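A.B. asks: Sending over a structure as C-alpha cells; questions will come in a sec.
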Amino acid sequence: MTITFHLNGEEVVLRDLDPSATLLDFLREERGLKGTKEGCNEGDCGACTVMVTDRAGSKPLNSCILFLPQLNGKSIRTVEGAAGDDGALHPVQEAMITHHGSQCGFCTPGFVMSMVTAHKNGATDHDVQLAGNLCRCTGYAPIIRAAEAAAAQPVPQWISQESLPQATEAANTPRSSDALAQLYAAKPKARLVAGATDLGLWVTKGLRDLGEMIFLDGCEDLKQIAISDREIRFGAMVDMNRVREAIEPLHPSYGEMIRRFASQQVRAAATIGGNIANGSPIGDNPPALIALGARLHLRRGDSRRDIAVEDFFIDYGKQDRLPGEFVEAVSIPRQPDRLRVYKLSKRFDQDISAVLGAFNITLADGSVAEARVAFGGLAGTPKRAAHVEKALVGQPWSEATVAAAAAEMSQDFTPMTDMRASAEYRLESSRNMLMRYFRDLAGASQSVLEVQV
Amino acid sequence: MSVAKPLPHDAAKLHVTGKARYVDDTPLPRDTLHLAFGLSSIAKGRITAMDLTAVRSSPEVVAVLTAQDLPFANDVSPSAHDEPLLSDGTLHYRGQPIFLVVARSHRAARVAARRGEISYAEEKPLLTLEEALAADSRFEEGPRIYQKGDAASAIAKAPHRVEGTFELGGQEHFYLEGQAALALPQEDGAMLVNSSTQHPTEIQHKVAEAIGLPMHAVRVEVRRMGGGFGGKESQGNALAVACAVAARQTGKPCKMRYDRDDDMVITGKRHAFRISYQAGYDDAGRLQGVDFTHLVNCGWAQDLSLPVADRAMLHSDNAYAISAIRIESHRLKTNLQSATAYRGFGGPQGMVGIERVMDHIAFDLGLDPVELRRRNYYDAPERALVGGSAPRSATSPRNISGKVKARDNTTPYGMEVRDFELHELTDQLLESADYAARRAEIAAWNAEQTDLKRGLAFSPVKFGISFTLTHLNQAGALVHVYQDGSVHLNHGGTEMGQGLFQKVAQVAASRFGISVEKIKITATDTAKVPNTSATAASSGTDLNGMAVKAACDTIRGRMAEFLSQRHQTDVDAVVFTDDLVRIGAAEISFNEAAKQCYEGRISLSATGFYKTPSLKWDRIKGQGRPFFYFAYGASLTEVVVDRRSGENRILRCDILHDAGASLNPDLDIGQVEGGYVQGAGWLTTEELIWDDSGRLRTHAPSTYKIPACSDRPDVFNVALYQGENREDSIYRSKAVGEPPFMLGISAWLALSDAVAQFGQSYPALDAPATAEEVWRRAREVSNEL
C-alpha cells in the first residue's frame, strides 16, 4: 500500500506500509518527531493530538489510534509545526507560556494542538474543545486562561493555509460506497476501518493482527447528511462532531449527549456507522436512535435492506449483519422533538456510560399514544424497555403512570455490576430517568450541568 | 532581585514547542533493545511450571530473563528487601513481574511478554482490610499507637459523642508520562542510566546492587519527569534495574517504558484507608477527646508504607488543638499492588479523618461548620509577623467564654505549634469568598428545590514540612561560574513540573545579583551531586534552594574578597546587584567580575550543603519535632448534586494558601490550583476497582477517571496568603508541593453538605464520592430505603 500526505507542510510518500501502523509510532519512531507524546495509547488522554486537515476542514485527532492509511491525501500538523518556520510561536503557544499552562509539559503538545485546531476553527467553547486532553498538573484553569487569551489573535498564515496533497490510489481504499460494496463482497473477511477509535485499541492494547483491512475514509458519498421533511439521513461515515451539529437544532437533548460522547478528538474520528456496527452494548448512539425509531440501511454487493436499529442487535457480540454486508446509512424519521437522552457516567466528559437512557413518548389527549424507551448499559445490547413501554401506552400521562411503569424496569433488565456501576444503581437510576423525563417535559427539571453561580 | 518574581516555568517554551525531552524522547543508539515484563495473572500463589518457549521464539526477541538469570541482587525495594525484580517463584499480586523480555522493539517485547505459559498453584488472596486483619497479615509487629492524654476517659466524660467509620479509597497517580528508563552500558561495566525518577540516588543504589558494582560505577541522570506526584519516588526502580541488568547481559543499550495499562497494573498507588472515629465534645463543640483507628491497605510489599501511615497519624489533628487523642494504625499487608508515596504521603488520609469528625459534630450540633472549626483551632502565635499581616490577637475565637488562659498548643506528638496562621487566613478567605451571604443564598435556593441541592464547605490545611525520616532532610548543590559570567547550576532535586528548577535558579540569580537568564539549569546527575534525597515531601525548594544558596554564597564570598583587595576596599563594600558588581565606588559588570576573578586564579566553583535544623523525632514513641514548620491553607467549595442520579459538580472554589514569602507566586498558584483539582478528583470520580481475583479493573483512563477540563470549578479564585515563614527557610518561603492537595477535602465535605439537605440524618459519605455513592447516601438520608 502506498499513501501520500503532508507532514508539517512537507510531502511524505509511504510505500509498502503496514496498514495497521499508527501515526504516533510513525511520527516518533520513523520521523524522530518526539514532540507528540504517548500518554495512554487508547485515545483517552490526548497527549498524542495532532491537527489533520482535509477538504472538509481541520480537526484534532489522537494519533495513537489513527492508522496511516487513514491519512492518505491529508495534511498533518504536529506540535513541531505549530510554530512558524522562522520560529515565531503560535498565539496559543505564547499564551500557554504567559499563563503558565504547562507544568510537567508532557500533556502540553497535545493541548497545544487541540488549541491550535480550535483556534483555527474559531471555536471558543474551550471546555468542549479540550475535553479530550487530560492534564494532571495544572487543574486546567491556566490552560483555559491561555485559550481565552489566544482566541482574539489572528490565525497564523502557516496554519490557515494548509496545503493538501492528492491522495494516492491504494489498494483496499475504495473511493465510493459502490466500490466498497464490490470490494467487501469479494473480501467478506476483511476488517472495515472507519474512524478506528475502537479498532485502534485492538492493535495498541490487544496487540492483535487485524488481517486484511479496508479503509472507508475515501468513500465520500458515505459522509453525506440529508435532512428532508421526512427524515434525517446520516451516511455511515459521518463523524460524530458532524452528527452533533446536525442533530443539535432538531433534538437538542441528543445533541447535548453527543457533546459528552467521548471527546472532540474521538468524535472527529468516530463515525455514526461504526458506533452502531461494532455492536457495543454501551455505544451511546443506539439507544437514542432506537428511541427515535431510526432505521439502519445495510448493503451487501448490490442488495440493500433496512431494519429497525433495535433489530440489528441480536445478542451480546452478535448483530444482524451478513458476511460482506455493511452499514450504509442510518435514517431518523422527522418528528416533533420529545426526545430526552440521559447519560450517566462517573465523569461528565469523555466517559463510557454506566447507563444511557433515551425517552421518546408521544401523547394524545393527555394519554400516552406511543412510547419508545431504550437503554444502553443495562443489557448485553442496546435495548428497548418493552415492559415499561407497555405500562405507559394508553395510560394517562401522570406521575402515577410513570411510577408504575418505572417499576417494570426490572422486568426488562437485569443489569450487571462492574467497574462503572453496580446493578442496583443502574436499575434504580434508570427508573429515576423516567421520572426525570416526566418532569423535563413539564419544564420542571434541571440538570446539575445547568446550574450556574 | 529575582526571587518573588512570577517568571514562567524554565522549560515552558520547550514544553509548548514539543522540544522538552523526556526519557522516551532520547535519541537512541541503533542497537538499543526494548524491554517488557511478563506478568502474573494470579494474586497469590506459587509458580509450578513456566514454559517460555513461545516467548523466546516470538519475533525480534533477543533474550528472556527470569529470577535465575539475575547475576546479583534481585530486589527493587527502597529499603525492606522484599520486592524482587522478578518473582522468586512466589506471587503476591496480580500484575507482579515474573520474567523480562528483551527485544528489538517495544511492541515486539510487549507481544512476546504475553506468550508465557505459566502454571500456578493458586491460593486465596487477601484483598480486603477485613481479610488481612483476620489473617493478622501486616507490616510491623502490631499497630502503631500515638497518643496524648487519656482519650478514652476524655471521650467518656464528654457531654456529647460522635462516632463512625468510613472508607477512603486509594488513587492512581496518572502522571501523563508513564514510567521509563534507559541504561547505556559504559566501559569497564559501568552504567549510565536515564530515568524518569524523583529519586536518582536510589536508582543508582539499586542498579549498583543489581549489577554487583559500587555506586561509583553507576551514574543516573534526570532532566525532567512528565509528572511524578510520588509515583516516581520508588516505582521507577524496577525499570531502571531491568534495563541495567539486560544491558549488562547483552552489552547493548536497553530501554523500558510501561504501556499505560501495564503501568497501572504493576505500580503502586495511594494507600486506601478505613478510618474509624470516636470523639467527645462539649456544648460549644470543643473537642475533649478523639480516638482514631486507621486500617491501611499497604498492598503486598512494605515500600514506603510505614512513613506514609505515620504521616497519616501525624495529620490526624490537622488544625485543631486536641488535649486527649489516641491514634491506632494497622499497616495491613494484602495481595494488591504495593501502595506507595502519593502527594501528601498519608497526610491527606489523616486529615480527612479529623475533618470528617468536625463535619459530623457540626451536623449533630447544628453549628456552622466553620465556626466549629475555629473554636478548635490551635492558638495563633504571640509574635506578629514582620512585614506580614498581623496575626489574630491572643483572644482567639475559641475562647468564647471570654476567659483567656494559657492553653496547650502542642500536637498529639508533642510538637508545639508556633506558626499557626489559620485564624487570620480563615477570616480573609471567608470575607473574600462572601461566605455568610452565600450560605444564606444557598439555603434559600435549596428550599425551593426537590431533586437538586447545593452544598458549601470549608476545610483548612495544616501540613507538616520535613521528611519524618530525619536524615533525609539534607541536600547538596554544585555551582560553577564560568569566566564569561554565565552560571551552571546543579542540585539534587528533580523537576517533575513543579517549577523547582526555576525557583532554585531564582535563588541563585538573587545571590549573584544577576538575571535568571544567565543561569543554566542542568539535569539532576548523581555524578555532580551525590547522596541526594528523593524530591518528595514538598521539600525540593526548601532543601535544594538552601544548598544552592550556600554554594553561591561561597563563590560570591571568594569573588568579593578578591575584588575588594584588588580595589583596596572593605569586603562588605562589594555588592552584587542588577548584573553588576559594585566595589566601593567602582562598578563592573558581573561578567567582567567573573573574568577578573578567573584571571586572579579564584576558584569559581563550589558545592553547597544544607541540613534542616531543629528536627528530632522518635517514630516508635510518636514524640518529638518531626517538622521544621507547617504550611497552611484553606478552601471553600460549593457543589450541586442531583439525588436521582447522584450526579454532581463543583460550582465554585475559593482558596487562600500560605506559601510564606513566595519565591514565585505564579508557579506557587499553579501548584495550588493543580493540587486542589487533584485532591478533589481523589475524593470524587477517581475510583479504583479490583475484582474478586485481585485483578485491577480500572487500569486505563477509559475506566479510571481523573478530572477532565470541565471538572474544575466554574469559578475558581485562588490567592496566596501574604505572610512569611516564621522559620528561617529559603527567603522565608514555604513548601507548596503537597499542602494544596488537601484543599480538595472541602469538595468532599461540600457534597456531604448537599446530600444532608435531602434528609435529617448525617450522610456518611465514603470516598471517593462518585455519583453512585452520592446517590446511595442521598437515598439513605431521605429515608427511601
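The values are calculated or read from the model by the stated rules, or taken from the named source; none is laboratory data. Here the structure is a predicted model, which is why all the values come from computation and not from measurement. A quick note on method: Cβ atoms are made from the backbone with ideal geometry, for glycine too, and the neighbour counts reach across all protein chains shown.
The rows are residues; the columns are (1) of a type outside the set (Val, Ile, Thr); (2) in a loop (DSSP other than H, G, I, E, B); (3) without any contact (Cβ under 8 Å) to a residue 60 or more places away in the chain.
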{"position": "B:GLN568", "(1), (2), (3)": "yes, yes, yes"}
{"position": "B:VAL575", "(1), (2), (3)": "no, no, no"}
{"position": "B:THR607", "(1), (2), (3)": "no, no, no"}
{"position": "B:GLY624", "(1), (2), (3)": "yes, no, no"}
{"position": "B:PHE627", "(1), (2), (3)": "yes, yes, no"}
{"position": "B:VAL640", "(1), (2), (3)": "no, no, no"}
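Condition check ((1) away from chain B (no Cβ under 14 Å); (2) in contact with a Gly (Cβ under 6 Å, 6 or more places away or on another chain); (3) part of a strand (DSSP E or B); (4) in contact (Cβ under 8 Å) with a residue 60 or more places away in the chain) across all residues:
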residue: A:ASP306; (1), (2), (3), (4): yes, no, yes, no
residue: A:ARG321; (1), (2), (3), (4): yes, no, no, no
residue: A:ASP337; (1), (2), (3), (4): yes, no, no, yes
residue: A:TYR342; (1), (2), (3), (4): no, yes, yes, yes
residue: A:PHE348; (1), (2), (3), (4): no, no, no, yes
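A.B. asks: Shifting gears a bit: Kindly indicate the residue of region A:1-57 that is basic (Lys, Arg) and not in a helix (DSSP H, G or I) and also nearest to the other protein chains (Cβ to nearest Cβ) among those meeting that condition. Give the steps one after another, and end with the answer.
C.D. replies: Residues of region A:1-57 that are basic (Lys, Arg), as a first pass: A:15, A:28, A:31, A:34, A:37, A:55.
Adding the requirement that they be not in a helix (DSSP H, G or I) leaves A:15, A:31, A:34, A:37, A:55.
Details: A:ARG15: 20, A:ARG31: 12, A:LYS34: 4, A:LYS37: 7, A:ARG55: 27 Å.
My answer is A:LYS34.
A.B. asks: Let me ask something additional. Here is a list: A:GLY366, A:GLY376. Which entry is at positive phi and either of a type in the set (S, T, N, Q) or more than 9 Å from chain B (Cβ to nearest Cβ) (or both)? Outline the logic, then answer.
C.D. replies: On the way: A:GLY376 fails: at positive phi.
Matching residue, one of A:GLY366, A:GLY376: A:GLY366.
A.B. asks: While we're here: Tell me yes or no: at least one residue of region A:129-146 is surrounded by 17 or more Cβ atoms within 10 Å (Cβ to Cβ), among the small types (Gly, Ala, Ser), within 14 Å of chain B (Cβ to nearest Cβ) and outside any loop (DSSP other than H, G, I, E, B).
C.D. replies: Going residue by residue through region A:129-146, those that are surrounded by 17 or more Cβ atoms within 10 Å (Cβ to Cβ) are A:129-146.
Then drop every residue that is not among the small types (Gly, Ala, Ser), which leaves A:131-132, A:139, A:141, A:146.
With the extra rule that they be within 14 Å of chain B (Cβ to nearest Cβ), the set shrinks to A:131-132, A:139, A:141, A:146.
Checking which are outside any loop (DSSP other than H, G, I, E, B) leaves us with A:141, A:146.
Looking for residues that are surrounded by 17 or more Cβ atoms within 10 Å (Cβ to Cβ), among the small types (Gly, Ala, Ser), within 14 Å of chain B (Cβ to nearest Cβ) and outside any loop (DSSP other than H, G, I, E, B), one finds at least one in region A:129-146, hence yes.
A.B. asks: Among the residues of region B:102-118, which ones are more than 9 Å from chain A (Cβ to nearest Cβ) and either within 12 Å of B:ALA54 (Cα to Cα) or without any contact (Cβ under 8 Å) to a residue 12 or more places away in the chain (or both)? Talk me through it step by step, then tell me what you get.
C.D. replies: Taking region B:102-118 as the starting set, the residues that turn out to be more than 9 Å from chain A (Cβ to nearest Cβ) are B:102-104, B:108-109, B:112-113, B:115-118.
Those that are more than 9 Å from chain A (Cβ to nearest Cβ) and either within 12 Å of B:ALA54 (Cα to Cα) or without any contact (Cβ under 8 Å) to a residue 12 or more places away in the chain (or both): B:ALA112, B:ALA113, B:ARG115, B:GLY116, B:GLU117, B:ILE118.
A.B. asks: Contact list please: Cβ distance under 7 Å, first residue in region A:384-409 and in a loop (DSSP other than H, G, I, E, B), second residue hydroxyl-bearing (Ser, Thr, Tyr), pairs at least six apart or on different chains.
C.D. replies: Qualifying pairs under 7 Å: A:GLY394/A:SER367; A:GLN395/A:SER367; A:GLN395/A:THR401; A:TRP397/A:SER367.
A.B. asks: Only one of B:LEU336, B:LEU367 is part of a loop (DSSP other than H, G, I, E, B), among the aliphatic types (A, V, I, L, M) and under 22 Å from B:ARG138 (Cβ atoms); which?
C.D. replies: Numbers: B:LEU367 fails: under 22 Å from B:ARG138 (Cβ atoms).
Every option except B:LEU336 fails the conditions.
A.B. asks: Hey, B:GLN198 hits all of (1) of a type in the set (S, T, N, Q); (2) closer than 12 Å to B:ALA534 by Cβ; (3) within 14 Å of chain A (Cβ to nearest Cβ); (4) in contact with a Leu (Cβ under 9 Å, 6 or more places away or on another chain) but one; which does it fall short on?
C.D. replies: (4)
A.B. asks: Test B:VAL101 against the stated conditions and say whether it is buried (at least 23 other Cβ atoms within 10 Å of the Cβ) and in contact with a Gly (Cβ under 8 Å, 6 or more places away or on another chain). Walk me through how you get there before you give the answer.
C.D. replies: Numbers: buried (at least 23 other Cβ atoms within 10 Å of the Cβ): yes; in contact with a Gly (Cβ under 8 Å, 6 or more places away or on another chain): yes.
So B:VAL101 passes the test.
A.B. asks: Kindly indicate the residue of region B:616-648 that is among the β-branched types (Val, Ile, Thr) and surrounded by 24 or more Cβ atoms within 10 Å (Cβ to Cβ) and also farthest from the other protein chains (Cβ to nearest Cβ) among those meeting that condition.
C.D. replies: Just the residues of region B:616-648 that are among the β-branched types (Val, Ile, Thr), to begin with: B:620, B:637, B:639-641.
Right, trim to surrounded by 24 or more Cβ atoms within 10 Å (Cβ to Cβ) and you get B:637, B:639-641.
Values: B:THR637: 11, B:VAL639: 9, B:VAL640: 5, B:VAL641: 7 Å.
Only one residue tops the list, namely B:THR637.
A.B. asks: Would you call A:ALA371 touching a Leu at 6+ places or on another chain (Cβ under 6 Å) and away from chain B (no Cβ under 14 Å)? Break it down into steps so the answer makes sense when it comes.
C.D. replies: On the way: touching a Leu at 6+ places or on another chain (Cβ under 6 Å): yes; away from chain B (no Cβ under 14 Å): yes.
For A:ALA371, the condition - touching a Leu at 6+ places or on another chain (Cβ under 6 Å) and away from chain B (no Cβ under 14 Å) - is met.
A.B. asks: Pull up region B:449-479, narrow it to residues that are crowded, with 24+ Cβ neighbours inside 10 Å, under 17 Å from the mean Cα position of the chain (by Cα) and of a type in the set (Val, Ile, Thr), then point me to the one that is nearest to the other protein chains (Cβ to nearest Cβ).
C.D. replies: Selected residue: B:VAL461.
Matching residues to (1) away from chain A (no Cβ under 14 Å); (2) under 14 Å from B:GLN179 (Cβ atoms); (3) surrounded by fewer than 22 Cβ atoms within 10 Å (Cβ to Cβ):
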residue: B:GLU209; (1), (2), (3): yes, no, yes
residue: B:ALA217; (1), (2), (3): yes, no, yes
residue: B:VAL220; (1), (2), (3): yes, no, no
residue: B:GLY231; (1), (2), (3): no, yes, no
residue: B:VAL241; (1), (2), (3): yes, yes, no
residue: B:ASP261; (1), (2), (3): no, yes, yes
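A.B. asks: Moving on to the next point. Give region B:745-778 a look and list any residue that's of a type outside the set (Gly, Ala, Ser), more than 10 Å from chain A (Cβ to nearest Cβ), part of a helix (DSSP H, G or I) and farther than 17 Å from B:VAL352 by Cα, or say none. Please lay out each step first, then the result.
C.D. replies: Narrowing region B:745-778 to residues of a type outside the set (Gly, Ala, Ser): B:745, B:748-749, B:751, B:753, B:755, B:757-758, B:760, B:762-763, B:765-766, B:768, B:770, B:772-777.
If we keep only those that are more than 10 Å from chain A (Cβ to nearest Cβ) as well, we get B:745, B:748-749, B:751, B:753, B:755, B:757-758, B:760, B:762-763, B:765-766, B:774, B:777.
Still in the running and part of a helix (DSSP H, G or I): B:745, B:748-749, B:751, B:753, B:755, B:774, B:777.
Of everything in region B:745-778, those that are of a type outside the set (Gly, Ala, Ser), more than 10 Å from chain A (Cβ to nearest Cβ), part of a helix (DSSP H, G or I) and farther than 17 Å from B:VAL352 by Cα turn out to be B:VAL755, B:VAL774, B:ARG777.
A.B. asks: Can you tell me which residue within region B:649-671, out of those that are in a helix (DSSP H, G or I) and of a type in the set (D, E, K, R), is nearest to the other protein chains (Cβ to nearest Cβ)? First the steps, then the outcome.
C.D. replies: From region B:649-671, those in a helix (DSSP H, G or I) are B:665-671; that's our starting set.
Those still in the list that are of a type in the set (D, E, K, R) too: B:666, B:668.
Details: B:ASP666: 5, B:ASP668: 10 Å.
Checked region B:649-671; the qualifying residue nearest to the other protein chains (Cβ to nearest Cβ) is B:ASP666.
A.B. asks: Tell me, yes or no, whether region B:581-595 has at least one residue that is assigned to a loop (DSSP other than H, G, I, E, B), surrounded by 15 or more Cβ atoms within 10 Å (Cβ to Cβ), of a type in the set (Val, Ile, Thr) and touching a residue at least 40 places away in the same chain (Cβ under 8 Å).
C.D. replies: No, region B:581-595 contains no residue that is assigned to a loop (DSSP other than H, G, I, E, B), surrounded by 15 or more Cβ atoms within 10 Å (Cβ to Cβ), of a type in the set (Val, Ile, Thr) and touching a residue at least 40 places away in the same chain (Cβ under 8 Å).
A.B. asks: Has region A:99-119 got any residue that is outside any loop (DSSP other than H, G, I, E, B), in contact (Cβ under 8 Å) with a residue 24 or more places away in the chain, surrounded by fewer than 22 Cβ atoms within 10 Å (Cβ to Cβ) and more than 7 Å from chain B (Cβ to nearest Cβ)?
C.D. replies: Looking through region A:99-119, none of the residues is outside any loop (DSSP other than H, G, I, E, B), in contact (Cβ under 8 Å) with a residue 24 or more places away in the chain, surrounded by fewer than 22 Cβ atoms within 10 Å (Cβ to Cβ) and more than 7 Å from chain B (Cβ to nearest Cβ).
A.B. asks: Can I ask one more? In contact with a strand residue (DSSP E or B) (Cβ under 9 Å, 6 or more places away or on another chain), on the phi < 0 side of the Ramachandran plot and more than 14 Å from every other protein chain (Cβ to nearest Cβ) - does that describe any residue in region B:675-685?
C.D. replies: no
A.B. asks: Does A:GLU256 satisfy being more than 17 Å from the chain's Cα centre (by Cα) and assigned by TED's automatic domain parsing to the domain that holds A:THR362?
C.D. replies: On the way: more than 17 Å from the chain's Cα centre (by Cα): no; assigned by TED's automatic domain parsing to the domain that holds A:THR362: yes.
No; evaluated as a whole, the condition is false for this residue.
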